[in-house]
Amino acid sequence: SLRKTRANNPTNPNQMLYSYANQKNVWNKSIKINGVYELPYGLQYSTSFLGQSENWYNREVRLRNALRSTQTIEPETQVGRLPFVTIWDQRVSKEFQINDRHVIEANLDLYNSMNANTVTSIRERHGSRYLEPTGILPPRIMRLSIKWKF
């Protein structure tokens with residue numbers, strides 16, 4: 001996908017509408033693959049793989065202006081890009097028919113199977129904590145659930 005970015009913090013209406021010099025092309029890449037496979041004994045296996053490029057990060061600085069109020073300024077945009085994120089989720093399920101109207105379904109889900117800890121957000125403000133990670137992918141999680149359909 002392609003998108004064009006404009007000035008993030010315009011100081012007048014013209015910068016927002018006519019900032020063609022500040023436009024940058026941003027290409028984002030993503031792929032999603034999922035499938036379902038029937039196993040013996042009525043088991044069903046499903047999997048989902050998602051890979052996507054993360055967003056660019058900027059460099060911000062907070063300065064005082066002549067009115068002694070603090071302003072956030074972006075001296076550089078698109079300084080770097082966060083790493084590519086990949087997530088692989090899996091599920092094994094089995095249905096048990098109780099009678100003609102009642103079905104119990106047991107599911108075993110495994111999220112983030114590769115236990116990736118990719119950084120998804122960072123601190124963009126320049127200072128002692130510049131580029132400090134503020135968000136990562138959640139850890140590997142396993143869930144056992146039972147559904148009663150009636």
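The values are calculated or read from the model by the stated rules, or taken from the named source; none is laboratory data. What you are looking at is a predicted structure, and each value in this text was computed from that prediction instead of being measured. Positions of Cβ are backbone-derived with ideal geometry, glycine not excepted, and every protein chain shown enters the neighbour counts. Just so you know, the surface numbers come from the protein's heavy atoms only, side chains and all, with ligands and any DNA or RNA stripped out. Shrake-Rupley method; radii C 1.70, N 1.55, O 1.52, S 1.80 Å.
Among the trypsin sites (Lys or Arg not before Pro) in region 50-145, those placed in a DSSP loop whose Cβ has at most 12 other Cβ atoms within 10 Å are ARG68, ARG101, ARG129. Ordered by solvent-accessible area of protein heavy atoms (1.4 Å probe), largest first, the residues ASP109, ASP100, ASP89 come out as ASP100, ASP89, ASP109.
Build a GNM of the chain with springs between Cα atoms under 10 Å apart, and of LEU39, LEU108, LEU50 the one that fluctuates most is LEU39. So what is the relative contact order of region 70-150, in percent, for Cα pairs below 8 Å that sit 6 or more residues apart? Relative contact order, region 70-150: 30 percent. What translational diffusion coefficient, in µm²/s and rounded to a whole number, does the Stokes-Einstein relation yield for region 83-144 at 20 °C and a viscosity of 1.002 mPa s, taking the hydrodynamic radius as the Kirkwood radius over Cα pairs? So the translational diffusion coefficient is about 146 µm²/s. How much length is gained if the chain between TYR37 and LYS149 is pulled fully straight, taking 0.36 nm per residue apart and subtracting their Cα-Cα distance, in nm to one decimal? Gain on stretching TYR37 to LYS149: 38.1 nm. Output the relative contact order of region 107-150, whole-number percent, from Cα pairs under 8 angstrom with separation of 6+ residues. This gives 49 percent for region 107-150.
The distance between label points at ILE104 and ASN28 comes to 4.3 nm (points 7 Å beyond Cα on the Cα→Cβ vector). Mind sorting out which of [x] 1.17; [y] 1.20; [z] 1.15 is the real Rg/Rh (Cα atoms, Kirkwood Rh) computed from the coordinates? Label of the calculated value: [y]. Across SER30, SER128, SER46, mean-square fluctuation computed from a Gaussian network of the chain (C-alpha pairs under 10 Å connected) peaks at SER128. The simple spin-label model puts a point 7 Å past each Cα toward its Cβ; for ASN115 and LYS94 those points are separated by 2.7 nm. Under a model in which nothing but the beta-carbon of Lys, Arg (+1) and Asp, Glu (-1) is charged, the chain shows a dipole of about 580 debye around its Cα centre.
Among ALA116, ALA106, ALA66, the largest mean-square fluctuation in a Gaussian network model of the chain, built with springs joining Cα atoms closer than 10 Å, belongs to ALA66. For chymotrypsin sites (Phe, Trp or Tyr not before Pro), the sites in region 81-147 that DSSP calls loop and that have at most 14 other Cβ atoms within 10 Å are PHE84, TYR130.
Can you give the relative contact order of the chain as a percent, counting alpha carbon pairs under 8 Å and 6+ residues apart? Value for the chain: 17 percent.
Among the lysines of the chain, pairs at least eight places apart or on separate chains and with Cα atoms under 23 Å apart come to 4.
At full extension, SER46 and LEU63 could sit 0.9 nm farther apart than now, given 0.36 nm per residue minus the alpha carbon distance.
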